[in-house]
């Protein structure tokens, strides 16, 4: 993947993880470009299949396309930032991300979006004015 494509994906995401909405600015974490549909499942390098992702969401998502919804115990697709709107699947409860749909809940679980250290980081970024909950 070339640098121009990476830059386009980052700009489209407004510099924040398209899964957990963590901003890249304000801390030392590296961000990467994630294949929404992983290559091992037929995904490609087109911008329509790429998402800007914090390293943690990218690592925990890995090649997964689905996860278990903790409410229904059913396997469901993970949130797809290219085809779905974040606000339809998630909401903020302070620094905690709440899954509103089976896809949202499974994504929060698989990507461990509310791990203690992530919630603490988001709280610090909120206090510093670097994370908006809108």
Checklist entry - Each label point is 7 Å from the Cα along the Cα-to-Cβ direction; what then is the distance between the points at residue 116 and residue 8, in nm? => result 4.3 nm
Item to check | Highest average packing first - 47-56, 10-19, 72-81, Cβ atoms within 10 Å | outcome: 47-56, 10-19, 72-81
Next on the checklist: Taking R0 as 22 Å, what FRET efficiency do you get between residue 55 and residue 91 from their Cβ-Cβ distance, rounded to the nearest 0.05?
Outcome noted: 0.35
Checklist entry - Peptides 30-40, 102-112: what's the order by average Cβ count within 10 Å, highest mean first? => result 102-112, 30-40
Checklist entry - Just from its helices, what would the mean residue ellipticity at 222 nm be for the chain, if runs of 4 or more DSSP H residues each count -39500 (n - 2.57) and the sum is divided by every residue, rounded to the nearest 500 deg cm²/dmol? => result -8500 deg cm²/dmol
Item to check | Rg/Rg_globular for the stretch 1-121, with Rg_globular taken as 2.2 N^0.38 Å and Rg from C-alpha atoms | outcome: 1.01
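Just so you know, all these numbers are worked out from the coordinates, no wet-lab data involved. This is a predicted model, so every value here is computed, not measured. Using ideal geometry, Cβ is built from the backbone for each residue, glycine included, and neighbour counts are taken over all protein chains shown.
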